[in-house]
Structure formats: C-alpha cells, structure tokens
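The values are calculated or read from the model by the stated rules, or taken from the named source; none is laboratory data. Worth saying up front: this structure is predicted, and the values here are computed from it rather than measured. Ideal geometry is used to build each Cβ from the backbone, glycine not excepted, and the neighbour counts take in all protein chains shown.
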Amino acid sequence: MKKNLIFLGIETSCDETAASIVMGDKSGNAKILSNVVSSQIEIHKKFGGVVPNLASKAHSEMIDIVIKRAIKKSKISFKDIDGVATTSGPGLLVCLMVGMTAGKTISNFIKKPFYGINHLEGHALSAGISQKISYPYLLLLISGGHTQFLSINKFGDYKRIGTTIDDAVGEAFDKVAKMLGAEIPNGKIIEKMSSKGNSKKYNLPKPILYKSGCNLSFAGLKTAVMLQTKKIKDYKSKCDMAASFQETINQILKIKTAKAMEIFLGLHPILKHKNFVVAGGVASNKSIRNNLLKLSKSKGFNIIFPPVKLCTDNAAMIAWAGIKNHQNGKRSNINIESTARWPLDPKAPFMKGPGLKL
C-alpha cells in the first residue's frame with residue numbers, strides 16, 4: 001500500500017453538492033487538499049424546505065462543476081487519485097443517485113477503487129481529519145436528520161446507545177427557526193436570535209428527560225414552541241423564545257449526555273483516554289459547544305469537535321472515510337446501491353413510530 005493515499009470524496013445526500021480531495025498517510029494523518037461545497041439555499045427558500053426533485057436537478061447541474069473545482073484547487077490531476085468515495089446513504093434517494101453515478105463513472109474511467117460511504121460514518125470519523133483520536137470514543141452525532149449517541153469501539157464497529165425517538169435536534173432547530181420567521185428552516189438563526197433574548201422567559205417541556213436511558217425526544221418541545229409562538233407578535237419576544245428553546249435543548253443534552261457517558265464507561269470500564277466527539281451540523285452551535293465542554297470537564301472526558309467546516313455536510317469527511325475503508329482492507333464496492341436508510345449500528349432497534357415503548 002502506498003505511503004500516502006489521495007481520495008476524491010463526493011457528497012449529495014441532501015441539498016449541498018460537495019466534492020473534496022483528501023490525502024491520508026499510514027500513520028493516520030490527513031490533509032485536505034480541497035473542499036468545495038455548493039449550497040442550494042436560494043433554490044429551496046420559497047418552498048420553506050428542501051424539495052427533493054429540485055435538489056436532485058441542482059445536483060445534476062452542479063456535480064461536474066464542483067468536482068472540477070475540487071480537482072483544480074487541490075492542484076492534482078485525476079491520474080493522481082487512488083480511490084473514489086461517495087455518500088451512498090442515508091439521504092434522499094434522488095439526490096444520492098446523482099453523486100453515486102458521478103463517483104462510479106470516475107472510478108471506472110480512472111480504474112481506481114470505489115467506496116460507497118455511510119454518511120453517518122463520515123460524521124463519526126470527521127474529527128480524525130484534524131487530529132488523531134484513539135478508540136474507543138463516545139460520539140454524539142447531532143445534525144438535521146440524526147441525533148444519536150454511539151460507542152465507536154473501533155473502525156467499523158459502532159454500537160448505538162441512544163437516539164431520538166422522533167425528531168432530530170437539528171430538525172427541531174430548523175422548524176423553530178421557521179416558526180420564528182426565518183425564510184427557510186435554518187437553525188443557525190436560532191443562535192443569532194438567542195444572543196438578543198432572555199433564556200428564562202419561557203418554560204418549555206423536556207420530554208423523557210429522566211427516562212429511557214439516553215434516548216431523546218424533541219417533538220413535544222417543538223409543538224410547545226409552535227403553540228406559544230402563535231401568541232407572539234414582537235421581535236423581542238421571538239428572541240426570548242429562541243433563547244428559551246436553545247437553553248432547553250442545552251439542558252436536555254446535558255442530562256442525556258451525562259447518562260450516555262455513564263453507559264459508555266460501563267461498556268469500557270478500563271480506558272486510558274475518555275474521549276467524547278461531538279459531530280454533525282448542530283455541533284457548530286457555540287452555546288451547545290460550551291454547554292457540552294463544561295459537562296465533559298466535570299465528567300473527566302476530553303471533548304473533541306471537528307472544525308466547523310467539517311460539521312455540516314461536506315465531502316472531505318466522505319473522502320476520509322473512503323481512505324479509512326481502504327486502509328482497513330475493505331474491498332472496492334462499486335456495485336453498492338443508494339439507500340435512504342442505513343444505520344451505523346445494524347443491530348440497534350428502530351426507535352420511531354406510534355408503537356414505541358419506552
């Protein structure tokens with residue numbers, strides 16, 4: 001195996017078209033040579049959310065341009081690429097298929113290995129791009145579509161110990177932002193509004209806070225915000241609601257993360273390093289970062305965040321996951337198909353639906 005591997009990563013799981021060139025060595029060091037992301041916010045703004053067929057069309061129009069930009073910025077050529085990694089799930093099928101088609105075509109053309117990557121594995125390994133992290137570690141994955149606690153035992157061995165039973169925390173942020181007047185669901189607006197509001201103004205529910213282990217629930221909280229927001233007319237009160245909502249999320253994550261740490265230590269009673277990785281788009285929220293940092297210090301955990309640019313959907317984490325797959329002896333899987341649902345822990349029970357018992 002070559003000392004340095006160069007992979008092209010492609011990401012089209014939702015509404016961002018991304019391509020990246022990443023170089024990794026045998027020692028576990030990574031270097032991002034390029035990381036290009038094309039956003040579709042303007043396309044979906046008037047619809048108040050992502051429209052799958054429009055997202056797919058935009059991916060088809062931009063995928064070649066984004067890949068060429070990534071190659072140009074990296075200052076390499078296609079002949080220097082050792083492998084291609086593309087998100088194959090989970091995500092919107094019509095979007096995933098655009099990236100998969102591009103990735104497989106390039107792989108066939110340059111005759112190099114192809115890896116269909118689990119988007120969640122990309123997030124799980126993303127912190128390793130900027131620094132080395134020893135296994136096992138506790139992962140909190142918080143994004144627009146996922147909220148999970150996982151024990152990352154080693155590469156390819158992931159045990160889910162907690163998840164949301166309804167909405168993802170990122171989805172809750174996005175929907176509340178829309179309730180408070182955002183043109184398009186965008187949780188980042190909540191963080192901005194919170195800085196101008198009183199976090200103690202509204203008393204909001206914290207579903208299943210002290211039950212069901214470290215599983216989480218945000219649907220009831222979102223509904224409570226919706227009902228109270230209907231009575232709010234002025235901007236100051238909206239900022240108070242944003243601050244109260246964000247503070248409630250912080251309180252929930254504090255209690256549930258403490259429980260997850262307890263469960264994780266039960267799985268790994270002898271640890272040299274107690275590492276806690278927080279990844280996904282919501283991990284870029286400064287308030288949530290500070291909240292989890294304080295908790296980690298009190299529990300003796302070393303908290304690790306990927307760089308902000310690697311928290312949201314990007315192709316660098318997909319390229320890096322491809323490199324790790326290749327280094328760990330995984331075979332090229334060019335026949336893999338796109339899939340809307342692909343849990344990191346295939347043995348974990350499905351935790352959503354009206355028949356769920358806590």
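Observations on the model:
- Only one entry of Gly89, Gly103, Gly99, Gly49 meets the criterion of being modelled with pLDDT under 95 and either closer than 14 Å to Ile336 by Cα or not hydrophobic (A, V, I, L, M, F, W, C) (or both), and that entry is Gly49.
- Here the range 12-31 is the region considered, the condition is being in contact with a Lys or Arg (Cβ under 9 Å, 6 or more places away or on another chain) and part of a strand (DSSP E or B), and the residue that is modelled with the lowest pLDDT is Asp25.
- The range 170-186 residues that are at negative phi, paired with ones that are modelled with pLDDT under 95 and of a type in the set (Asp, Glu) (beta carbon under 8 Å, 6 or more apart): Lys175/Asp167; Pro185/Asp174; Asn186/Asp174
- Output for the range 204-246, where each listed residue is under 25 Å from the mean Cα position of the chain (by Cα), outside any loop (DSSP other than H, G, I, E, B) and among the small types (Gly, Ala, Ser): Ala219, Gly220, Ala242, Ala243, Ser244
- Hits in the range 257-284 (condition: among the polar types (S, T, N, Q) and modelled with pLDDT of 95 or more): Thr257, Asn275
- Boolean, Lys111 is surrounded by fewer than 16 Cβ atoms within 10 Å (Cβ to Cβ) and within 22 Å of Ile336 (Cα to Cα): yes
- Among the candidates Leu271, Leu221, Leu204, residue that is touching a helix residue (DSSP H, G or I) at 6+ places or on another chain (Cβ under 9 Å), more than 25 Å from Gly128 (Cβ to Cβ), touching a residue at least 40 places away in the same chain (Cβ under 8 Å) and surrounded by fewer than 21 Cβ atoms within 10 Å (Cβ to Cβ): Leu204
- Check on Glu11, among the acidic types (Asp, Glu), touching a residue at least 60 places away in the same chain (Cβ under 8 Å), in contact with a Gly (Cβ under 8 Å, 6 or more places away or on another chain) and not assigned by TED's automatic domain parsing to the domain that holds Gly144: yes
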